[in-house]
Amino acid sequence: TVDGVLKAAADEGPGRDALVAPFQSLRFTFAELDREVERVARGMLACGLQAGERIGIWAPNCPEWVLTMFGAARAGLVLVDVNPAYRSTELEFSLRLVGCRALVFAPRFKSSDYAAMLLSLMPEIADAAPGRLASAALPELRLLVQLGGECRGGILSFDELLARGSDLDDAALTAIGTRLDAVHAINIQFTSGTTGTPKGATLTHFKIVNNGFFVGEGMRLTA
């Protein structure tokens, strides 16, 4: 599984660099990355997400993207990659199609104001409690998590997501881990939709891990 790969790397080389983001002055070893992923996964479960549900990520390259991906994998969720170039119509179509329960998003990217687009699409955000969104446009979406910036209404910050998992029973994540299998769905990737509406392709743990392995082989990466 995707989570199994991270755990194996953390066991085999805990002190090796795993994630480096100079623009955020951030550097994680594999042991540190594993601990942060654990916090994210616990936060997701503490917010009411259940294994098998879909969580979207709408953001450019950043450490939180990696943490969300591995956190979703550890929590047994299916990560939905939302194209950073999407406008409101494409976003609504994609999230509704897969029945997204949660969305992690950057406040903006280039000329796109993601927070404003979400508010125009779901005006209910202004009066909602975090994690209890009830939107006519996206009835299955309950949780919005923002990466940085000032949050509005019913939007949770990424730091608040991490904090919510502090009291979660350890058995909750352990139970999910014992049920995860490489044949389970882990990721839904959407096409650009340039010739019509976006189309989602569902990938299993095995497909993601297998592709990553052969990319590493092709690049002749070593430990």
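For helix 205-218, what angle does its Cα long axis make with the longest principal axis of the chain, in degrees from 0 to 90 and rounded to 10? Value to nearest ten degrees: 60. Whole-Hz Karplus values for segment 90-96 come out as 5, 4, 4, 4, 5, 5, 5 Hz, taken residue by residue from phi with 6.51 cos²θ - 1.76 cosθ + 1.60 and θ = phi - 60°; glycine and proline positions read x. Across segment 107-223, the relative contact order, built from alpha-carbon pairs under 8 Å that are at least six residues apart, equals 14 percent. The base-10 log of I(q)/I(0) for segment 16-82, evaluated at q = 0.23 Å⁻¹, reads -0.98 [Debye formula, identical scatterers on Cα atoms, solvent excluded].
For a straight C-alpha distance cut-off of 27 angstrom, the lysines reachable from Lys7 (same-chain residues fewer than eight places away being disregarded) are Lys207.
The alpha-carbon of Lys199 sits under 15 angstrom from the alpha-carbons of these aspartates and glutamates, leaving out residues fewer than 8 places away in its chain: Asp81, Glu90, Glu92.
Each reported figure results from applying straightforward, stated rules to the coordinates on display, with no laboratory input. All figures in this text were calculated on a predicted structure; none of them were measured in a lab.
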